[in-house]
Structures are given as C-alpha cells and as structure tokens.
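Trainee: Provided herewith is a single structure, encoded as structure tokens, for subsequent inquiry.
The values are calculated or read from the model by the stated rules, or taken from the named source; none is laboratory data. This is a predicted model, so every value here is computed, not measured. Here the Cβ is made from the backbone with ideal geometry for all residues, glycine too, and neighbour counts use every protein chain on show. Just so you know, the surface numbers come from the protein's heavy atoms only, side chains and all, with ligands and any DNA or RNA stripped out. Shrake-Rupley method; radii C 1.70, N 1.55, O 1.52, S 1.80 Å.
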Amino acid sequence: MIIPHEVHLADDSGITPKASCELMARRAGGRENLGFIPEDYRNYLRSKRTMQMKSGDTGGVLEYLQKMQLEDSNFFYAIQVDEDDLITNIFWADVKMMIDYSYFGDVVCFDTTYRKNKEGRPFAMFVGVNHHKLTITFGPALLYDETTESFIWLLNTFAKAMSEKKPKTILTDQDAAMAKALALVWPETCHRLCIWHLYQNALKKLTWNNMLEKYDLKDNSWLKQTFALKEKWALVYGRENFCADMTTTQRNESMNNVIKKYVSYQHDLLRFFHHFQRMVEDRRYEESKADFKATQRSLILSFDVEILRHAATIYTPAIFKMIQHEVSSGYDCSMYISSQNGEVTEYKVTSYKKLFQHIVHYDSSIGSVKCSCKRYEFAGILCSHALKVLSSRNVMKIPAMYVLKRWTKHAKMGNGIPTNHSIIHEDPKAKIGMRYKDICRMQVQLATKGAITEETYNIAISYLTKAMNDIDVCLEGRDKEASTSDGSLINIEKGWCSGNKDNVKGIKTKERFRGSSTRPKGILERRKKKENYATR
C-alpha cells in the first residue's frame, strides 16, 4: 500500500520516483514487501499533479500559502490584485525569516535579475548576511513586472511583514524604478548601488572607441547620469553608513546560482514554491552547522597575543578571521603622534608598503578610537590602523563599544519578534502531516539506536510490536482518517491582500518566457566566452 505522506515528502524533496521506490524497497527488505509496484507510485504522483492542475495555479498557490500558515501561525503572505481581480504580485515570509531580519536586517541586498519559472516572472529576494558571513533570506517575492508601482507595493508589504522595521542600508542594482520606489517609501534608508553592476555597465556603455576618445568623454550621457549618482556608489561617500562590509549584490547572484539546483524552468508556480522552500531549509541547516562549530571549535591563532585570545571568545570563526587579518596588518603599520589636544591624541598611521596616511584619533578619557578609513563604521570591525593605536596604548582587549553584537557568537540571543499565540483552525490534512513527521523523526532515531546491539534491537522490536497491536485495537471499528483532502480552494483571510480579496479570479499571466532562465551574464563573461571560442 502506498503511504501518501511518504510519497509527498519524497516528491517535495526532489527525489525521483525511481530512487524513492528503491529506497522504500531496501527499507522494507525487498520489492516484494512494498505492497505496490513502481507504476503504482508514478500513477499516484500523476493523479496528485492532475488534481493540482484542476485547481489551477491560483488554487494551488493559495492552498500552499494557507497550509504554511496552518503549520506556522506567524507565517505571512500577501498578494496584490489588479482591477480585473487577477493576482499580479506575491510576497511571503515565515517566522524564521522574520527572526533573522530582527537580528541581521540592518543591511539588505535586493535583486530581481533572476527568472526561473514558466512565465518568466521576476523573482525577487531580500537577503542579508548573518554573523557567520553566510547569506540568509529575509523574504522572497514573485512579481508581475519591475515597475515603480510593483516595487512600492513590495517595499510596503515587506515592512508590514517585518513589524515596520526598515533596514539602515539597502544595496540594489542601478534600476531607476527601484530607486524611485525607495525614495518614496523608505526615504530614511541609505540606498547604495552595487559596484559590480556599475562596473558591468561601465564596460557596456564605455565602448573601446569611447575609451580611445577619452578627451571627449564629457558628452557621454551614461557618464553624466552615473556621476550624478556618485553618492550612492563611490566608496568615499558611503563609509559612514554601515553596510556589513558589502559593496555589491553578489550575495543575491550567488543565491540565484543555488536556486538553480532546486527549481526547474519547467516548474509551475506551486512546485516553484515547494522547491524554493527546500532551498531555504538546506541553507538553514548550513547555518545550524556553523552555529554548532562556533561553540565547539577552538580557533587557531596566527600568533598568540591577548587581543586575539579575547576576539576568539566573542566572535564567530568567520569574523574572527577578519579581525585576525586586521591585527596582523596592524603590526606592520608605522605610526607617529602628530598632535595632542587634552585627552585626545592624533596619530598618523601608514600601512606597510603604502604611502597614504590614515589619521586616527584616540580619546583616553573614554577609550574611544576613530580612524579616517572608517572601516568600523562601514564593516563593524576595527581597522588595522585603530588596532595599532590601541596596542600602543596597552589596550589588550577589543573595547566593548566596538564589539558589534551582530558579528558575535551570541548574535541571536535575546528576543527576536513576539510570537503570535492566537488559536487557529487546523484542517485534518495538516494535522496528519505534522503527526506523520513527528513519528518519522522518532522512527529514524529508534532504528539508529536500536540496531547498535542485540539487546537494543530486542527492546525496539518488543515496543514496536506492542505499539502496532495497540494502534490496531484503537482503530478497530473506526473509519481511518482520510489521508487526502478534496483540494478545494481555501480562503485567504490570514493573508494580506491589496485589492478585492473576496473576488480573486486567478493569477495574471504573461506571455510565455522565451529567454534564458539563468542570470544575465556580465560583459566580461560574454567577452571571455567569445575569446575562448575564437581560439578553438
């Protein structure tokens, strides 16, 4: 007999029917013990997808969102409908994304360059960086288009999901519609442009002939437009704004490459949602491993000094590596006192093999240090120049005022967002699925431990046999609970809809996407590919 929930879990995990059947057969002790043949398995999946197609993208997507909300009462989703009551834009975020944002949402990267569904809808993600320097997702969205109106809706919706907390800094590409939306909706947020995209545009707009005629570049329209935006991309203007050491949206680009391993261009919207969730869960597992290693692993010091021993106790390995590099570079810096004004001493510090001097002010009354390079303001860690001055003042530990909590091992300690304890109705299908997962977790642990010795094996078999008998007695004379639901369209009361949510007619469709499903290639990548082809 096919176990529906096991089939659903395997399918949602991206396991092929052939591999899934082989795994179940090995676990059952042979195909003859399965109770079904591979053709039955494939027919079941075909029937399941046929039912999903009958409900359409609208019913399937809304049912998925409601199911997520039944399992997590804090799950947030929002849809936007047009004047014809067709869904245009969708945004969603689970409670883990909200908690991550409460800890690490000071700097956000946003990008819409990725298209990975049949209609070619822009897939947007708000992402950030955690205390392990790992990329984390704060909230994804499927947009109909990339207009200012869509971005305004998305920014307002994102803020609503995150309890109206807006980031201090956001990095985007050079998109005029996004810039306009940010200026209108988040005027207090520092908007920075991705340096990588800027370099690509420079190579694209400034052709070889333009570069040869550099004495006449003053008439280049792209240069004029870009120079007018210099406060958003030139590093000299952005050092005062905390950017978590990020100058590009490459974290979005890398996440786009990760998504390709989970989501197929042929997937409909419902399967897109399912497989995107797989990616999120795998990324969270990587974060859990990093958390475990940070608490269990002894960091290796490049040289044994007190300030590094102190840093090793408070920072995660990834951030400690950055601190260690700054401390090491500081020892190679030359330094002299240029002036003194009461408690404030001014130093001029020069890095090894560099001619440019950095000015560092040290206030002995409060133990503060400030460098003209503004590394601490920009990245949240002290620079080599400031560390050199602290060392000369016999400061053997990083001052508490310069230990940014978001970079420490305890970055996630304290309250995240308040938990919503409101009672919600759970449908039978959701309850069965949750109970099945709980039993599966215990079953795996039981099998792993029970197989170690003959004695543990006998204990496991004895209790399992008794449990099976007790369950049969309990179910005797009663109808077994249905394992599937009728797949009917659910309401969206627990979601948020801008428009008439009671009259949603479907998802607004676009012309079938004919372009590439991968991220746009940079000008350097395309040029290199042509050169390689030409040399064959």
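Trainee: Please check which bits of the stretch 123-146 a label hung off Lys321 would reach, taking the label as a point 7 Å along Cα-to-C-beta and the cut-off as backbone N under 15 Å.
Mentor: Residues 130-135 qualify, since their backbone N sits under 15 Å from the label point.
Trainee: With label points built 7 Å along Cα→Cβ from the Cα atoms of Met396 and Lys505, find their separation and express it in nm.
Mentor: 7.6 nm
Trainee: I need the GluC sites (Glu not before Pro) found in the stretch 279-366, filtered to DSSP loop residues with at most 16 other beta carbons within 10 Å of theirs.
Mentor: Details: sites: Glu281, Glu286, Glu287, Glu306, Glu326, Glu343, Glu346; in loops: Glu343.
Of the GluC sites (Glu not before Pro), the ones in loops of the stretch 279-366 whose Cβ has at most 16 other Cβ atoms within 10 Å are Glu343.
Trainee: I've got another one for you. What spacing in nm lies between the two simple spin-label points modelled at Gln445 and Ala28, each 7 Å away from Cα in the Cβ direction?
Mentor: In this crude spin-label approximation the distance works out to 2.7 nm.
Trainee: To the nearest 10 square angstrom, how much accessible area does Asp304 have with a 1.4 angstrom probe?
Mentor: My reading of the accessible area for Asp304 is about 110 Å².
Trainee: Taking the highest mean first, how do the peptides 122-135, 362-375 order by number of other beta carbon atoms within 10 angstrom per residue?
Mentor: 122-135, 362-375
Trainee: Then there's this: Search the structure for amide H atoms under 5 Å from the amide H of Ile507, placed 1.01 Å from N in the peptide plane, and list their residues when 5 or more places away or on another chain.
Mentor: Thr58, Ile87
Trainee: Ignoring ligands, DNA and RNA, please state the percent of accessible area on the stretch 319-393 from carbon and sulfur, probe 1.4 Å.
Mentor: 52 percent
Trainee: What FRET efficiency would be calculated for the residue pair Leu355, Lys293, taking the C-beta separation as r and a Förster radius of 45 Å, to the nearest 0.05?
Mentor: Efficiency computed from Cβ-Cβ geometry: 0.65.
Trainee: Under the 0.36 nm per residue contour assumption, what length would be gained going from the current alpha-carbon distance of Ile459 and Glu39 to full extension?
Mentor: Roughly 147.5 nm would be gained on extension.
Trainee: OK, next. Quick one: length gained pulling Ser365 to Asp438 fully straight, 0.36 nm per residue minus the C-alpha distance?
Mentor: So the extension gain works out to 20.5 nm.
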